[in-house]
Amino acid sequence: MTDRIVGGLRTQATVESRVESGAAPAWVRAHWNSFREGLLGRRNDTPFPCFFGAESVANGDPLYTAVPSTTDAGALLGLGETLLEYLDVRTDHSDRASLVAFFRPPDRTLTEAEYHDTLWHILQFLHVHDPEPWPEDIPTEPDDPHWEFCFGGEPMFPTCRAPFYDDRKSRFCPIGLEITFQPRALFEELGVTADRAAGQHARDVIQERLESYDGVCPHADLGDWGVEGDREWPQYMLASDDAQAPSSCPITVTREHPKSDRLLGERRSAGSHV
């Protein structure tokens, strides 16, 4: 019974009810409680910096998945299936529906460098098994201001919380790795991309809240997609210790398709679990 919430796509209401009833595994309960407290609580008398994210959680908009491993191929293929399903149903669920992935914590304490390795292993795995071609309008070279991670034919912004953030509590999760996947289309639909006044205003508010919430200056790598000098990939998992962070993007992206047939057809055949 406790594994019913692990794998597949779940609404916030389902996650909450399984946690409250005790049907969720302890690691999922811990992730949910940490995530909810982080986004809806206050620190230094300041609300969570990303007000879009906080409002979406308050309204129950996100969709969720619990992934039982960061390395097992079956678990990561399951994440790929869930991502494809999410992309198909997200706009029917909510115009602010991101996908929050809780990963089962490791058996030992990982270094920051190991968390960076873990993130890029997951993203590389998803790319290799992506059933859709890499979008023609997105460069394959991460050192390009218009590069961003893509899956299922959709550009997206995967942002992480992890245990090694001692200062940047807006990125801190004491349990293990969390990744929130946000399609760029979501930002476009909300009208908050960098090329719009609303997007620039949102960034200013978030930056101001970040400094107060974290108690330190906003990270130097924070920037906007498509802006010369800014890069997407370092923002997915911001460095706390530069010596442990990758100096170049550790993913190899090619347009060759398909690289794997493991997820082919899943987008058409997967049934909804929301």
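Just so you know, all these numbers are worked out from the coordinates, no wet-lab data involved. These numbers come from a predicted model, not from an experiment. All Cβ positions, glycine included, derive from the backbone under ideal geometry; neighbour counts span all protein chains shown.
Between L83, L264, L123, the GNM of the chain built on Cα springs shorter than 10 angstrom shows L264 fluctuating the most. Positive end of the dipole of the range 78-141 (Cβ unit charges, origin at the Cα centre): among G78, V128, V89, the Cα lying farthest that way belongs to G78. Compare S56, S260, S94 in a GNM of the chain, Cα atoms joined below 10 Å, and give the one with the largest fluctuation. Answer for the Gaussian network model of the chain: S260. Comparing mean-square fluctuations of R262, R171, R231 from a GNM of the chain with C-alpha springs under 10 Å, the top value falls on R262.
With Cα atoms as the point set, the radius of gyration and Dmax of the range 96-167 evaluate to 14.2, 41 Å. Per residue, the average separation of C-alpha pairs within less than 8 Å and at least 6 apart gives the range 10-266 a relative contact order of 23 percent. Distant-in-sequence amide contacts of F151, defined by a placed amide H-H separation under 5 Å and a gap of 5 or more residues or a different chain, comprise M156. Charges were assigned to the Cβ only: +1 to each Lys and Arg, -1 to each Asp and Glu. The resulting dipole of the chain about its Cα centre is roughly 1080 debye. Taking Cβ atoms as reference points and 14 Å as the exclusive limit, the residues near W32 contribute a net charge of +2, counting Lys and Arg as +1 and Asp and Glu as -1.
When a/c reaches 1.5 or more, the comparison of a/b and b/c decides; with that in mind, is the range 10-266 rounded, prolate or oblate per its Cα gyration tensor? Walk me through the numbers on the way to the answer.
Values: a/c = 1.25, a/b = 1.06, b/c = 1.18.
Taking the square roots of the gyration eigenvalues as a ≥ b ≥ c, the range 10-266 is rounded.
Listing T140, T252, T70 from the residue with the fewest other Cβ atoms within 10 Å to the one with the most, what is the order? Write down the numbers at each step before the final one.
Working: T140 14, T252 10, T70 23.
Going from least to most buried by this count: T252, T140, T70.
So for the chain: antiparallel DSSP bridges make up what percent, rounded to the nearest 5?
Values: 16 of 22 bridges.
Taking every DSSP beta bridge with both residues in the chain, the antiparallel ones total about 75 percent.
Sorted fewest first by neighbouring Cβ atoms within 10 angstrom, D61, D72 come out as D72, D61.
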